[in-house]
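Okay, so here's the structure we're looking at.
The values are calculated or read from the model by the stated rules, or taken from the named source; none is laboratory data. Here the structure is a predicted model, which means the values were calculated and not measured. Using ideal geometry, Cβ is built from the backbone for each residue, glycine included, and neighbour counts are taken over all protein chains shown.
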There are 2 protein chains.
Amino acid sequence: MRASRFFISTLKDAPSDAEIVSHQLMMRAGMIKRLGSGIYTYMPTGLRVIRKVEAIIREEMNKAGAIELLMPLVQPAELWQETGRWEKMGPELMRVKDRHGREFAIQPTSEEVITDVVRGEIKSYRQLPLNFYHIQTKFRDERRPRFGLMRGREFTMKDAYSFDRDLAGMQASYKIMYDAYTAIFTRFGLKFRAVAADNGAIGGTGSHEFHVIASTGEDAIVYCPTSDYAANMEAAEALPLAAERAAPKQDMAKVATPNTTKCETVAELLKIDLKQTVKSIALTVERELEGKVTKENWLLLLRGDHELNEIKVGKVPGLSNHRFATEDEIREAYGTVPGYLGPVGTQQPVRVVADRTVANMTDFVCGANEEGYHLTGANWGRDALEPEVADLRNVVEGDASPDGKGVLAIERGIEVGHVFQLGTAYSEAMKATFLDENGKPAPLQMGCYGIGVTRILGAAIEQNFDDKGIIWPTSIAPFELVLCPMGYDRSEMVKEETDKLYASLQEAGVDVIIDDRGLRPGAMFADWELIGVPHRVVIGERGLKEGNLEYQGRRDTEATAVPASGMVDFIKGKLAQ
Amino acid sequence: MRASRFFISTLKDAPSDAEIVSHQLMMRAGMIKRLGSGIYTYMPTGLRVIRKVEAIIREEMNKAGAIELLMPLVQPAELWQETGRWEKMGPELMRVKDRHGREFAIQPTSEEVITDVVRGEIKSYRQLPLNFYHIQTKFRDERRPRFGLMRGREFTMKDAYSFDRDLAGMQASYKIMYDAYTAIFTRFGLKFRAVAADNGAIGGTGSHEFHVIASTGEDAIVYCPTSDYAANMEAAEALPLAAERAAPKQDMAKVATPNTTKCETVAELLKIDLKQTVKSIALTVERELEGKVTKENWLLLLRGDHELNEIKVGKVPGLSNHRFATEDEIREAYGTVPGYLGPVGTQQPVRVVADRTVANMTDFVCGANEEGYHLTGANWGRDALEPEVADLRNVVEGDASPDGKGVLAIERGIEVGHVFQLGTAYSEAMKATFLDENGKPAPLQMGCYGIGVTRILGAAIEQNFDDKGIIWPTSIAPFELVLCPMGYDRSEMVKEETDKLYASLQEAGVDVIIDDRGLRPGAMFADWELIGVPHRVVIGERGLKEGNLEYQGRRDTEATAVPASGMVDFIKGKLAQ
């Protein structure tokens, strides 16, 4: 490629609405152009990166036996109604009516359509397993699109769907996809981590997220540096901090704590460690029984320095449909105001659930169920009934790893992939069955597997940039190498050497661009550093007189003189690294 | 590729809603699957063809200096309002509102967005010329989607847009695209013809359509077998059939023609040649002048056997806004009923326009402007005022070619590409200007260039099929070659030879599939003949014992024995043809 025949348009400054570095750098590098909120044109340089990302995904998906097809963007509402997602998806699902008033969704994902395709095609277990994927534009009408390609409305996703005859088959398909994803993200040249994830509302039996590690990531991911354990914050299990409860040493006492409703201020007032306090969180669950709505009161207990994990709360039997209690509900159930609740003297019908760590605490401080007072030296069994116990909190750095092989660390990540064991949720709703070995109809066991193609660009940049611009991993860079001739239009010697090198590199299969725009060196280098091409060769008269060219990697602080005659092999060596 | 790891699903019969052969065969071959009216999933075999079509387009577009980017599907209404197309496009433009009530179009084409991109990027004539293209999903809410991929609602199009500093530059860009299209359709291996087309409502200065020739084509295309002349029916110029008018031989006479209102029945009644009759077509043009609407009456004259060309009528000065007159309007203007109109005795303010052929007729038969009567032996100048003359009719086979180099032939075609000199219509509406050499702002000169990617599949099949199925040209076939082993799972000899050949062919870069599904030969062959793979090799024990394999091209009536040792070279030879 010649820069004079390509379109390069860089900016000194990013537009003011670009809040994060990847968005700023993609705008400055001329890779994307905003058309509307969360809607971007992929400019030529950006599109080259997308195509490379897609090509790697496609190769690895094909290698893993998945079969590519292409499902439509505009999908009939009827299919989405079969699974109930037409209602469930809410305003995120972009809906459109045709000239006859028929309703359609612009696809945010394609479980319904692929299940419809497959139920029409699959008759027998002999046709299984199957895994179909496509790489297609998606639309999600996000409430607040932002961060450029990281949270856009129109974006590109690779989504795959596996179909199996039984659970074991589905888990085998899942494993194949997990391994394919590992191969894909490895080939991208990105630091990433696969973490166990919560299954969320879809149900199913297992799920992993693939995160690109970046300090600016939206998600906290939990891992054990001395073992394979990794999970996202929602799913990471918190073990009790103490193996068993110590014997009480204090008597319980009521202390005045006027206007002191937070554990932090109680600890300060009483001059105790925050870790000695217990915070109480009142929940309400409404149940309908024979047309009558009844309310249940639940009190959750966390150590003062811990954070509630709402996903875990939702998994406690009875709490799938909880909400926080209102102040009126608290007054009615506990006879006091928020900030002074506690497990001591709480009567049924309040159900008390203590976090595992709280259940093993001794001599703790909690609310006295009386406005202006807390209790110190409270103990389970003696002062309060033994509580139900559950894992209710987010893990923190230094917690024991659930696999018993070390302690947990936390880092930030950007979710770019998700593999999911769906089970039969969609196939049952849509009556997608096959005849099994005994000739009996059975629902297809499904898995689904997504990669955010355009989001990869943002994530790669968040992980790889410096004050000059983007630093693309070679495998997804818009160009592998840029040739920067010093005076291409002035020096015959430079032109000749550049053209010769360009031809040899092309022959060697290197994705190379010549900057023949006639810019001054400073402006030329600044452009390519901003765009993030990982390798650069400068061709100048001075070096050529000694038979040398200058090589500089995008992360190198200095250029290296390389004999012109050996440059192609030198570059091939660099690209093979 | 192994068929056992691919997805092949063929049908004995096409669904009843598939009206044309390409639609029937694509459904039967399992290449597309209907999701809704005019909306299809591209199944794995169909998608492979689409990808090959796209790859050829991309290569030739890049070679021609066009630069690929990707514009969004969902485009803000504001841009479409700038050019007035938000209103003009009518219900074909699929419109959608987001959660905030903002309006968007799902793109049917991208003139507005590319002009918006370019007006933000192009400052100076030094940045020109530029040509951007993308290959993107489009949506047009057709009133009556049909014919599978030929007239779908969701489809894939390659659209390119050129930007130049002046008319000469734009025409040069247009020529480059015209040549690129010629290269593209040649590489598809399709019989095609580029024809001059009418510019339609968009205006501009020139336009060509690219048609795939097929007897089932929707469009009539006109060409001269002995010259380069080619045009579509709308644009093909009709010369006068007689070089000059002969002298009158008859006196004019009024003859009774009760209940005889068509030229055909008049000719029958009077026992004359239809070519001696003239039909009169009454038009009305409404004009608003200072708030008052006035009506003009126009009478168009065609030879009895000719067809009116409405596009040409619209180009007659004064008739851009015409419609057919109502019966009441005819009674009022001509004092008679439809079927008996004629140019003799017609008074101003009726404006008479004769087709070129009619203007040179002598002793013709026409309506007498009196119910139940026609005139015979009518002559211009003597019986009727000399009319205005224009080209008003469709050409017919045997007409003189407008270039004077032969006579016209007509064949059927399917429009698959269109190149268009837009001029400044969009750039002026959207204020897309650049600074010219004198530092003065000037509107960009634009061209636009479309190829219907998915329609190519339908057109290729309409041109290439037989009673067994599709016959793909090799360059866009889903696979170039299929290996059909006889007993892959039973004969070690067959399996070994097949696997060896497969490996060698893959190494030679042949796009080959092994049918390892274990079907009986008849079913296996029928599948591949239906799918249309152009080359087939059968590996069987009988032949192998003599060292032979069997080759058969899709159009061949018989197989040819080829030594196994030479098969790779033999295939390479076939593919190079």
- prompt: Can you find even one residue in the range A:38-51 that is out of contact with any Leu (no Cβ under 7 Å at 6 or more places or on another chain) and more than 10 Å from chain B (Cβ to nearest Cβ)?
  reply: no
query: Which of the residues spanning the range B:1-26 are more than 8 Å from every other protein chain (Cβ to nearest Cβ), closer than 20 Å to A:Leu130 by Cβ and in contact with a Leu (Cβ under 8 Å, 6 or more places away or on another chain)?
result: B:Thr10
Selection count where residues are within 8 Å of chain B (Cβ to nearest Cβ) and touching a Gly at 6+ places or on another chain (Cβ under 9 Å), scope the range A:27-36: 1
The range B:246-262 residues that are farther than 20 Å from B:Ala282 by Cβ, paired with ones that are hydrophobic (A, V, I, L, M, F, W, C) (beta carbon under 6 Å, 6 or more apart): B:Met252/B:Leu375; B:Met252/B:Ala378; B:Lys254/B:Ala368; B:Lys254/B:Leu375
query: In the range A:347-385, how many are closer than 18 Å to A:Thr261 by Cα, in a strand (DSSP E or B) and among the aliphatic types (A, V, I, L, M)?
result: 3
message: Checking the structure you have, find out if any residue of the range A:182-193 is farther than 26 Å from A:Asn62 by Cβ and more than 13 Å from the chain's Cα centre (by Cα).
response: no
field: Residue match in the range A:132-142 (condition: of a type in the set (A, V, I, L, M, F, W, C) and more than 28 Å from A:Glu59 (Cβ to Cβ))
entry: no
query: Which of (1) within 30 Å of B:Thr474 (Cβ to Cβ); (2) of a type in the set (S, T, N, Q); (3) touching a helix residue (DSSP H, G or I) at 6+ places or on another chain (Cβ under 8 Å); (4) buried (at least 21 other Cβ atoms within 10 Å of the Cβ) is the odd one out, the single condition B:Asn232 does not satisfy?
result: (3)
statement: Of A:Met71, A:Met27, A:Met89, the only residue that is closer than 18 Å to B:Glu121 by Cα and aliphatic (A, V, I, L, M) is A:Met27
- request: Would you point out which residue out of B:Thr277, B:Thr284, B:Thr294 is under 18 Å from B:Asn379 (Cβ atoms), touching a Lys or Arg at 6+ places or on another chain (Cβ under 8 Å) and either among the β-branched types (Val, Ile, Thr) or not assigned by TED's automatic domain parsing to the domain that holds B:Leu375 (or both)?
  value: B:Thr277
- prompt: Counting only residues that are within 14 Å of another protein chain (Cβ to nearest Cβ) and modelled with pLDDT under 95, how many does the range B:142-171 have?
  reply: 7
query: For the range B:101-112, what are the residues that are buried (at least 18 other Cβ atoms within 10 Å of the Cβ) and at the interface with chain A (Cβ under 9 Å from one of its Cβ atoms)?
result: B:Phe104, B:Ile106
- request: Read through the list (1) away from chain A (no Cβ under 11 Å); (2) of a type in the set (D, E, K, R); (3) more than 26 Å from A:Arg48 (Cβ to Cβ), then give the number of the only condition that B:Asp98 fails.
  value: (1)
field: Extreme residue, surrounded by the most Cβ atoms within 10 Å (Cβ to Cβ), among residues of the range A:327-364 that are under 24 Å from A:Asn394 (Cα atoms) and charged (D, E, K, R)
entry: A:Asp355
message: Out of the residues in the range B:113-130 meeting the condition of being in contact with a helix residue (DSSP H, G or I) (Cβ under 8 Å, 6 or more places away or on another chain) and facing chain A (nearest Cβ under 10 Å), tell me which one is nearest to B:Gly65 (Cα to Cα).
response: B:Leu130
- prompt: Of all the residues that make up the range A:222-271, how many are basic (Lys, Arg) and not in a loop (DSSP other than H, G, I, E, B)?
  reply: 1
Strands (runs of 3 or more DSSP E) fully within the range B:417-527 counting 1 or more residues that are in contact (Cβ under 8 Å) with a residue 12 or more places away in the chain and closer than 19 Å to B:Arg2 by Cα: B:481-485, B:512-514
- request: Return yes or no: is A:Thr156 under 18 Å from the mean Cα position of the chain (by Cα), free of Cβ contacts under 8 Å to residues at least 24 places away in the same chain and assigned by TED's automatic domain parsing to the domain that holds A:Thr115?
  value: no
message: Residues that are under 21 Å from the mean Cα position of the chain (by Cα), assigned by TED's automatic domain parsing to the domain that holds B:Leu457 and surrounded by 20 or more Cβ atoms within 10 Å (Cβ to Cβ), at least 3 per element: which helices (runs of 4 or more DSSP H) completely within the range B:1-92 meet that?
response: B:21-28, B:44-63
query: Could you say which residue among A:Leu128, A:Leu167, A:Leu149 is in contact with a Leu (Cβ under 9 Å, 6 or more places away or on another chain), closer than 30 Å to A:Glu437 by Cα and in contact (Cβ under 8 Å) with a residue 12 or more places away in the chain?
result: A:Leu128
